[in-house]
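Pasting in a structure now, in structure tokens, and then I'll have a few things to ask.
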Amino acid sequence: MTKSDMINVVAKKAHLTKKAATEAVESMFEEIIRSLKKGDKVVLSGFGTFYVSKVKDKHVEPFGDKAKRQVVKGHKVVNFRVGKPLKKEVW
């Protein structure tokens, strides 16, 4: 499903114009992003939880004889923990 597909479904099911559905879907995504940037968790009951975690620097062994050992710098990643109702439906 694409973002456009999601907008079409929201417009149809909520009896909204495509413009209103677009604003609703985009607002939801913007708020999720804003919360994650602040370091907050985003909990969608019955669906799951989005959260940010930090990955530490790690040393990577090279392939081949002449390659030097490399360092992958630490960074942040977004994780998703599936909620029980969704897990029950999918698994």
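Laboratory data are not the source of any read-out in this text; all were calculated from the coordinates shown. All values derive from a computational prediction rather than experimental measurement. Here the Cβ positions follow ideal geometry from the backbone for every residue, glycine too, while neighbour counts run over all protein chains shown.
Kirkwood Rh, the chain, all Cα pairs: how many Å?
After inverting the pairwise mean of 1/r, the radius is 16.5 Å.
Report, as a whole number in µm² per second, the diffusion coefficient that Stokes-Einstein gives for segment 41-91 at 25 °C and 0.890 mPa s using the Kirkwood radius over alpha carbon pairs.
After rounding, the answer is 179 µm²/s.
Step through the residues of segment 10-26 one at a time and calculate ³J(HN,Hα) from phi using the Karplus curve (6.51 cos²θ - 1.76 cosθ + 1.60, θ = phi - 60°), rounding each to whole Hz and writing x for Gly and Pro.
Running phi through 6.51 cos²θ - 1.76 cosθ + 1.60 with θ = phi - 60° gives 4, 4, 5, 6, 9, 6, 10, 6, 4, 5, 5, 5, 4, 4, 5, 5, 5 Hz.
Quick one: which of K12/K37; K41/K73; K3/K56; K19/K87; K41/K87; K18/K76 span more than 27 angstrom between C-alpha atoms?
From the list (K12/K37; K41/K73; K3/K56; K19/K87; K41/K87; K18/K76), the Cα-Cα distance tops 27 Å for K12/K37; K3/K56; K19/K87; K18/K76.
Loop only by DSSP, 10 or fewer other Cβ within 10 Å of the Cβ. Give me the chymotrypsin sites (Phe, Trp or Tyr not before Pro) in segment 1-74 that pass, ordered by residue number.
Sparse-neighbourhood loop chymotrypsin sites (Phe, Trp or Tyr not before Pro): F63.
In addition: Would you calculate, for the chain, the mean residue ellipticity at 222 nm contributed by helices, counting each DSSP H stretch of 4 or more residues as -39,500 (n - 2.57) and dividing by all residues, to the nearest 500?
Value at 222 nm, helices only: -13500 deg cm²/dmol.
Taking DSSP loops as anything outside H, G, I, E and B, show the longest stretch in the chain free of trypsin sites (Lys or Arg not before Pro) there with at most 12 other beta carbons within 10 Å.
It works out to 1-40.
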